[in-house]
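J.: Encoded as structure tokens, here's the structure I'll be asking about.
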Amino acid sequence: MRTVGEALVRAHQAAAAHSETPALDAQVLVAEILGRSRAWVLAHGEEEIATVEASAIQGALLRCREGEPLPYIIGWWEFFGRRFRVSSATLIPRPETESLVELALETLRGVIREKRAADIGTGSGCIAVTLAAEIEAVRVVATDTSGAALRIAKMNAVDHEVEARVFFVRCDLLKGLEGGYDVVCGNLPYIPTGELVRLPVSRWEPRLALDGGIDGLQFLRRLLTDLPRKLNAGGIALLEIGESQSDLAAALARQSLPGWGIQVQKDLAGRPRVLRIGQGR
């Protein structure tokens, strides 16, 4: 390939077999490697590409044809209007998780004293870092069992200048932490083991962050027993769930925490997405 336009055509062809938005993916990929904006790439189709850039694009297209997700190829993805580094050790941030963040921010803004939150299974740190970036007064503890994921999350905290207010801990759920949180949130693994092997996501994204056990709710069960000791009075937990799990997840929460307010909140697409658990609400 010699020009930007040729690179876009080849990138579109490579992405078409695995993406629902091959044109957009092609623009993002070529723009990233060239160090330009998408607008520039679209406006400069006749611009010649240097040999080293053409080689880098060729290598990326090989990965693209194999079905590797674009965020892993370019090393970042956007979430809540910010770029977050990602790697094969982290999940790719998705728009539906932004609904959880919106709910967490709404709650934290209503807390008058020092605001404290916990993000369980932080992965890339997109939830924890966003909370800290959006609200200057919040302090966030972000946990994960993966050291590789925590390294990426720490870099994202530095990138967005919140490293002084996000504290990363390698642990299982909230094990060993004292508590006192106004919000406990997280995108825990929730895909049933039997379903996971049939999903394309299992080929590329970390199984550790996806596999929720036989019914997809094993981590929720364990967390529910710990929540009363971790939440402040009036605090809430916000946990992402699969849309087919909403009834069972809510029933488990009501059984484990009688008298607590249990609700299922929908995402922007109208799908059941977030299990909201509050004391006496």
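The values are calculated or read from the model by the stated rules, or taken from the named source; none is laboratory data. Since we're looking at a predicted model, the values are computed, not measured. Using ideal geometry, Cβ is built from the backbone for each residue, glycine included, and neighbour counts are taken over all protein chains shown.
J.: Cβ-Cβ under 7 Å, sequence separation 6+ or interchain: first residue in the stretch 163-178 and among the hydroxyl-bearing types (Ser, Thr, Tyr), partner surrounded by fewer than 13 Cβ atoms within 10 Å (Cβ to Cβ) and outside any strand (DSSP E or B). Which pairs?
T.: Correct list of pairs: empty, since none qualify.
J.: Name the pairs whose Cβ atoms lie under 7 Å apart, with the first residue in the stretch 17-45 and under 15 Å from ARG63 (Cα atoms), the second of a type outside the set (A, V, I, L, M, F, W, C) and assigned to a loop (DSSP other than H, G, I, E, B), and 6 or more positions between them or separate chains?
T.: Filtered contacts from the stretch 17-45: HIS18/GLY67; ASP25/SER19.
J.: Given the criteria crowded, with 24+ Cβ neighbours inside 10 Å, touching a strand residue (DSSP E or B) at 6+ places or on another chain (Cβ under 8 Å) and within 23 Å of GLN218 (Cβ to Cβ), does THR122 qualify?
T.: On the way: crowded, with 24+ Cβ neighbours inside 10 Å: yes; touching a strand residue (DSSP E or B) at 6+ places or on another chain (Cβ under 8 Å): yes; within 23 Å of GLN218 (Cβ to Cβ): yes.
Against the criterion (crowded, with 24+ Cβ neighbours inside 10 Å, touching a strand residue (DSSP E or B) at 6+ places or on another chain (Cβ under 8 Å) and within 23 Å of GLN218 (Cβ to Cβ)), THR122 qualifies.
J.: Right, here's the next one. Given the criteria part of a helix (DSSP H, G or I), free of Cβ contacts under 8 Å to residues at least 40 places away in the same chain and within 15 Å of the chain's Cα centre (by Cα), does LEU150 qualify?
T.: Working: part of a helix (DSSP H, G or I): yes; free of Cβ contacts under 8 Å to residues at least 40 places away in the same chain: yes; within 15 Å of the chain's Cα centre (by Cα): yes.
Criteria met by LEU150.
J.: Can you tell which of LEU62, LEU108, LEU70 is in the same structural domain as ALA157 (by TED's automatic domain parsing) and either over 25 Å from ALA137 (Cα atoms) or not aromatic (Phe, Trp, Tyr) (or both)? Steps first, please.
T.: On the way: LEU62 fails: in the same structural domain as ALA157 (by TED's automatic domain parsing); LEU70 fails: in the same structural domain as ALA157 (by TED's automatic domain parsing).
Checking each option against the conditions leaves just LEU108.
J.: Please work out which one of (1) basic (Lys, Arg); (2) out of contact with any Lys or Arg (no Cβ under 6 Å at 6 or more places or on another chain); (3) modelled with pLDDT of 95 or more is the condition ARG116 fails and give its number.
T.: (2)
J.: Where residues in the stretch 78-107 are β-branched (Val, Ile, Thr) and more than 21 Å from ALA148 (Cβ to Cβ), which of them is surrounded by the fewest Cβ atoms within 10 Å (Cβ to Cβ)? Write out each step before concluding.
T.: Within the stretch 78-107, the first condition is being β-branched (Val, Ile, Thr), and the residues that meet it are 86, 90, 92, 97, 101, 107.
Those still in the list that are more than 21 Å from ALA148 (Cβ to Cβ) too: 101, 107.
Values: VAL101: 21, THR107: 19.
Filtering the stretch 78-107 for residues that are β-branched (Val, Ile, Thr) and more than 21 Å from ALA148 (Cβ to Cβ), the one surrounded by the fewest Cβ atoms within 10 Å (Cβ to Cβ) comes out as THR107.
J.: Filter the stretch 201-233 for residues that are buried (at least 19 other Cβ atoms within 10 Å of the Cβ), in contact (Cβ under 8 Å) with a residue 24 or more places away in the chain and among the acidic types (Asp, Glu) and give the result.
T.: Scanning the stretch 201-233 gives a single hit, GLU205.
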